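All remarks here apply to the structure that follows.
The values are calculated or read from the model by the stated rules, or taken from the named source; none is laboratory data. Since this is a predicted model, take the numbers as computed values, not measurements. Cβ placement follows ideal geometry from the backbone for every residue including glycine, while neighbour counts extend to all protein chains displayed. Protein only, heavy atoms only, side chains kept; ligands, DNA and RNA dropped before computing areas. Shrake-Rupley method; radii C 1.70, N 1.55, O 1.52, S 1.80 Å.
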Number of protein chains: 2
Amino acid sequence: MLKPSIPKGTRDFNPEEVSRRNYIFNVIKEAFSLYGFQPIETPSFENSETLMGKYGEEGDRLIFKILNSGDFLSKVDDAIYSQKNSGKVTSLISEKALRYDLTVPFARYVVQHQNDITFPFKRYQIQPVWRADRPQKGRFREFFQCDADVVGSTSLWQEVEFIQLYDAVFTKLALPGVTIKINNRKILSGIAETIGAEDKLTDFTVALDKLDKIGEEGVKNEMLAKGISEEALLKLQPLFSLKGSNDEKLHSLKTLLESSEIGLKGVEELRFIQSNINSLELGSCELKIDVTLARGLNYYTGAILEVAAPEEVNMGSIGGGGRYDDLTGIFGLKDMSGVGISFGLDRIYLVLDELHLFPQSVAENSKALFINFGEKEALYAMNAIKKLRQAGITVELYPEDSKMGKQMGYADKRNIPFAILAGEKEMEAKEFTVKNMKTGEQKSLGYSDLEQTLR
Amino acid sequence: MLKPSIPKGTRDFNPEEVSRRNYIFNVIKEAFSLYGFQPIETPSFENSETLMGKYGEEGDRLIFKILNSGDFLSKVDDAIYSQKNSGKVTSLISEKALRYDLTVPFARYVVQHQNDITFPFKRYQIQPVWRADRPQKGRFREFFQCDADVVGSTSLWQEVEFIQLYDAVFTKLALPGVTIKINNRKILSGIAETIGAEDKLTDFTVALDKLDKIGEEGVKNEMLAKGISEEALLKLQPLFSLKGSNDEKLHSLKTLLESSEIGLKGVEELRFIQSNINSLELGSCELKIDVTLARGLNYYTGAILEVAAPEEVNMGSIGGGGRYDDLTGIFGLKDMSGVGISFGLDRIYLVLDELHLFPQSVAENSKALFINFGEKEALYAMNAIKKLRQAGITVELYPEDSKMGKQMGYADKRNIPFAILAGEKEMEAKEFTVKNMKTGEQKSLGYSDLEQTLR
């Protein structure tokens with residue numbers, strides 16, 4: 001018999017990993033909740049038509065499709081069947097698909113339940129998504145997304161709150177050196193307008209996004225190759241060397257974009273956000289204006305946010321988000337502006353692990369193992385165990401009355417800090433012998449001292 | 001454009017539903033943890049060969065299969081393809097499937113990670129499962145299972161602890177009138193042996209399981225139809241009228257089964273469990289020996305448990321479990337005895353809802369809405385909001401400086417208990433006007449009194 005395995009790109013999580021992941025989830029959830037976001041959950045699979053066509057051709061390919069039940073081939077027309085064309089057959093034998101992200105299901109939710117929702121609607125959602133991506137280091141076929149969004153309001157206070165929320169989470173996780181980068185799509189549009197390349201905005205932002213990776217020359221070459229003129233690039237030069245404080249950058253941008261209405265609108269939005277964040281002060285994060293920030297997604301229309309891990313870990317972004325002006329239009333509900341952010345759980349996990357920032361107390365583990373000396377002694381132990389659990393203290397009885405060495409070995413391997421021995425002598429004295437597994441120290445205690453020791 | 005919808009048998013959960021479900025999950029999780037169980041998680045989909053053939057023919061049909069990516073038809077031999085036989089094609093175009101329960105993935109996990117596990121291994125797992133069942137009231141195609149199991153020990157103390165665990169959860173949920181029914185597969189085997197129908201044990205237990213539904217005559221007729229003799233049924237008569245306390249039932253069973261070694265073993269196991277539970281005392285649940293309890297699953301070998309909801313709600317079982325002697329044998333790891341229980345989340349939800357037992361405080365909601373009077377006032381509000389959130393109090397700012405009526409209407413619809421008004425006058429006095437949304441009462445408070453009021 002083959003040793004069993006799991007599909008590539010998926011993971012088993014052992015108790016330590018689950019506890020650590022839950023630690024991060026809980027910090028994020030608590031922050032979402034404190035900021036007034038409410039949880040929703042959507043099904044793991046959606047009707048295919050809800051998902052297909054929403055993520056581009058590449059996205060459609062990466063969506064996991066679920067095979068129809070029963071005699072699914074009977075619904076396929078013989079003429080089509082005989083062509084043996086996977087693309088044409090897919091939609092005939094599969095009507096459901098695993099969700100690819102949380103954004104499209106959220107849009108579907110808002111439209112479907114619009115009459116029961118009070119807008120502006122602040123929701124959060126923490127659920128797994130699935131992508132048939134080529135698995136590689138840090139990229140999985142099943143992973144959790146942690147999203148918070150507000151729909152139904154254009155107020156910039158929401159961008160302010162999202163920055164505070166990021167800061168609250170990373171401060172709570174005691175992760176120092178996190179940078180929250182901010183840009184505005186309107187500034188990018190303004191720049192394109194200023195250099196006369198409005199029609200090339202996508203090429204332009206895609207190239208600009210690579211500044212960190214391929215450097216100034218690389219970006220310029222790509223832009224030239226895409227048909228952006230030398231003259232335009234010259235006008236653009238100040239952008240590549242935008243330095244100094246956020247205030248100084250805002251000042252330079254205002255000058256650079258003085259002839260673009262949309263560009264100035266973007267500068268004004270950035271100013272609002274940055275000056276209010278300044279007044280309110282962040283905890284451990286730094287807010288940094290970064291005009292090279294474009295992010296892949298074409299649907300951002302206002303603020304663009306990205307969170308960079310501390311520089312000493314080579315991790316890239318651990319969160320991102322922004323404002324989009326037409327989330328629900330794809331399902332027929334127009335003019336519903338939204339803004340949202342997302343946390344990259346897997347990467348945050350790797351960062352905390354690398355920097356040894358998981359608190360020791362995260363792992364759920366028993367405080368003590370009661371040694372089993374036989375039915376009567378075990379019942380005596382179980383009476384104490386019952387009381388300790390009622391007091392909220394995790395303890396276990398070794399299930400078998402095996403040899404001491406075996407039972408102690410179990411406590412040792414499981415890293416359980418105390419072993420409790422209660423044989424005939426202890427039962428008579430109504431006591432428990434408590435052994436510290438690290439120091440080997442032993443003492444005899446009554447029940448309340450025992451509870452005190454384990455607390 | 002069609003109004004978007006979700007696949008039949010699946011559900012969206014709104015904020016109130018998510019909060020209530022989480023309330024139940026958290027009570028169960030806390031109990032699992034207190035009893036020394038540790039969390040694991042497995043992927044949503046497994047390799048098909050891990051799942052197929054483990055749940056019988058019917059089960060195989062109900063497993064959701066995932067279509068291979070890319071040009072999946074190219075791997076199907078033309079000769080087979082031309083037959084257009086869905087059954088034959090399935091395994092050629094689908095290599096993965098959504099998990100059908102948590103038990104088989106757990107068995108796979110134990111075998112795959114056996115060298116990293118310290119046995120006995122106490123694990124819990126709370127994750128969704130998927131079944132292509134016909135959807136009906138209370139039965140869904142996606143639902144959560146909440147399982148706890150111990151593998152690697154035959155100690156009956158584990159059965160004792162699982163009964164305590166059930167009791168701890170339902171006591172914590174303040175659900176009165178829950179009955180934990182217990183039986184033992186060895187008793188059923190002993191009965192079959194006694195009446196000389198060893199080969200008909202499955203028919204026998206399936207029929208006996210229906211005693212509540214079709215009555216004594218119905219069960220007897222079914223047994224006769226299955227070839228169990230009149231004489232055997234006569235011997236069996238005491239079983240249909242087994243009454244009285246658990247002790248009395250044990251006494252009768254011991255007499256009835258005196259010639260069956262395995263039957264007496266079952267009686268002795270039941271006695272151990274029942275007498276120790278008696279000594280340790282339960283909170284709100286009642287433990288009841290029920291020899292008609294057989295449950296569908298054929299793999300139980302010792303204790304069989306089932307939890308019945310309070311009689312006044314018509315709900316059937318809200319949990320179940322038992323001991324199985326060969327969980328991991330299907331994956332090549334022999335002699336690994338296990339025992340486990342499961343909670344029926346959806347049914348527990350319905351019971352708590354019907355009996356109005358969800359605490360009011362379950363729903364995550366903001367304590368106060370700060371009214372937005374414009375940028376300067378909003379910043380003043382945001383300073384207080386920041387401090388309140390740091391103090392763990394959930395509050396929000398209305399994002400737009402809309403008309404008062406609209407903002408108040410939002411607080412009202414969202415059931416937010418307080419509205420906080422802070423205009424120029426309040427800013428000068430460093431105060432906040434707090435309006436109780438229920439009584440309409442208003443008062444002006446400094447920050448620390450405000451925090452006090454909202455706590």
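Counted as qualifying within the stretch B:36-105 are the helices (runs of 4 or more DSSP H) with 1 or more residues that are closer than 19 Å to B:S342 by Cβ, namely B:48-51, B:56-62. Restricting the search to the stretch B:77-107, which residues are open to solvent by 10 Å² or more (accessible area, probe 1.4 Å), basic (K, R) and more than 9 Å from chain A (Cβ to nearest Cβ)? Selection gives B:K88 alone. Can you tell which of A:L256, A:L264 is surrounded by 21 or more Cβ atoms within 10 Å (Cβ to Cβ) and either touching a residue at least 40 places away in the same chain (Cβ under 8 Å) or not assigned by TED's automatic domain parsing to the domain that holds A:I180 (or both)? Exactly one residue qualifies, and that residue is A:L256.
Can we say B:D346 is touching a Gly at 6+ places or on another chain (Cβ under 7 Å) and either among the polar types (S, T, N, Q) or in a helix (DSSP H, G or I) (or both)?
yes
Residues that are more than 31 Å from the chain's Cα centre (by Cα) and at pLDDT 90 or above do not occur anywhere in the stretch A:274-283.
In the set A:A232, A:A207, only one residue is over 17 Å from A:L293 (Cβ atoms) and open to solvent by less than 60 Å² (accessible area, probe 1.4 Å); that residue is A:A232. Within the stretch B:242-253, being open to solvent by less than 40 Å² (accessible area, probe 1.4 Å) and either touching a Leu at 6+ places or on another chain (Cβ under 6 Å) or in a helix (DSSP H, G or I) (or both) holds for B:N246, B:K249, B:L250, B:L253.
Somewhere in the stretch B:189-204, is a residue of a type in the set (A, V, I, L, M, F, W, C) and assigned to a loop (DSSP other than H, G, I, E, B)? Yes, because at least one residue in the stretch B:189-204 is of a type in the set (A, V, I, L, M, F, W, C) and assigned to a loop (DSSP other than H, G, I, E, B). Residues of the stretch A:31-76 that are more than 8 Å from chain B (Cβ to nearest Cβ), open to solvent by 50 Å² or more (accessible area, probe 1.4 Å) and free of Cβ contacts under 8 Å to residues at least 12 places away in the same chain: A:E49, A:G53, A:E57, A:E58. Among the residues of the stretch B:3-27, those that are at the interface with chain A (Cβ under 8 Å from one of its Cβ atoms) and part of a loop (DSSP other than H, G, I, E, B) comprise B:K3, B:P4, B:S5, B:I6, B:P7, B:T10, B:R11, B:D12, B:N14. Taking the criterion of being hydrophobic (A, V, I, L, M, F, W, C), in contact with a strand residue (DSSP E or B) (Cβ under 8 Å, 6 or more places away or on another chain) and at the interface with another protein chain (Cβ under 9 Å from one of its Cβ atoms), the residues of the stretch B:108-138 that qualify are B:F119, B:W130. Restricting the stretch B:358-374 to residues that are facing chain A (nearest Cβ under 8 Å) and either touching a Phe, Trp or Tyr at 6+ places or on another chain (Cβ under 8 Å) or surrounded by fewer than 20 Cβ atoms within 10 Å (Cβ to Cβ) (or both), which is modelled with the lowest pLDDT? The extreme case among them is B:N365.
Could you tell me whether B:I180 is of a type in the set (V, I, T), modelled with pLDDT of 95 or more, touching an Asp or Glu at 6+ places or on another chain (Cβ under 8 Å) and assigned by TED's automatic domain parsing to the domain that holds B:F37?
Numbers: of a type in the set (V, I, T): yes; modelled with pLDDT of 95 or more: yes; touching an Asp or Glu at 6+ places or on another chain (Cβ under 8 Å): yes; assigned by TED's automatic domain parsing to the domain that holds B:F37: yes.
It is true that B:I180 is of a type in the set (V, I, T), modelled with pLDDT of 95 or more, touching an Asp or Glu at 6+ places or on another chain (Cβ under 8 Å) and assigned by TED's automatic domain parsing to the domain that holds B:F37.
Among the residues of the stretch A:275-287, those that are in contact (Cβ under 8 Å) with a residue 40 or more places away in the chain and either open to solvent by 10 Å² or more (accessible area, probe 1.4 Å) or aliphatic (A, V, I, L, M) (or both) comprise A:I277, A:L280, A:L282, A:G283, A:S284, A:C285, A:E286, A:L287. For beta carbons closer than 7 Å, sequence separation of 6+ or different chains, a first residue in the stretch A:390-410 that is at the interface with another protein chain (Cβ under 9 Å from one of its Cβ atoms) and a second that is open to solvent by 50 Å² or more (accessible area, probe 1.4 Å), the qualifying pairs are A:I393/A:K367; A:I393/A:R455; A:T394/A:K367; A:V395/A:K367; A:D401/A:F373.
Flag not set for B:G320, criterion: within 14 Å of chain A (Cβ to nearest Cβ) and touching a strand residue (DSSP E or B) at 6+ places or on another chain (Cβ under 8 Å). Return the pairs, sorted by first residue and then second, in which the second residue is at pLDDT 80 or above and of a type in the set (K, R), the first residue lies in the stretch A:185-212 and is over 16 Å from A:A303 (Cβ atoms), the beta carbons are less than 6 Å apart, and the residues are 6+ apart or on different chains. As it stands, the answer is A:I195/A:K235; A:D203/A:K226, since those pairs meet every condition given.
Summed over the stretch B:308-327, residues that are in contact with a helix residue (DSSP H, G or I) (Cβ under 6 Å, 6 or more places away or on another chain) and modelled with pLDDT of 90 or more total 3.
In the stretch A:131-152, the condition of being touching a Phe, Trp or Tyr at 6+ places or on another chain (Cβ under 9 Å), open to solvent by less than 10 Å² (accessible area, probe 1.4 Å) and not in a strand (DSSP E or B) is met by no residue. The number of residues in the stretch A:396-434 that are hydrophobic (A, V, I, L, M, F, W, C) and under 38 Å from the mean Cα position of the chain (by Cα) comes to 4.
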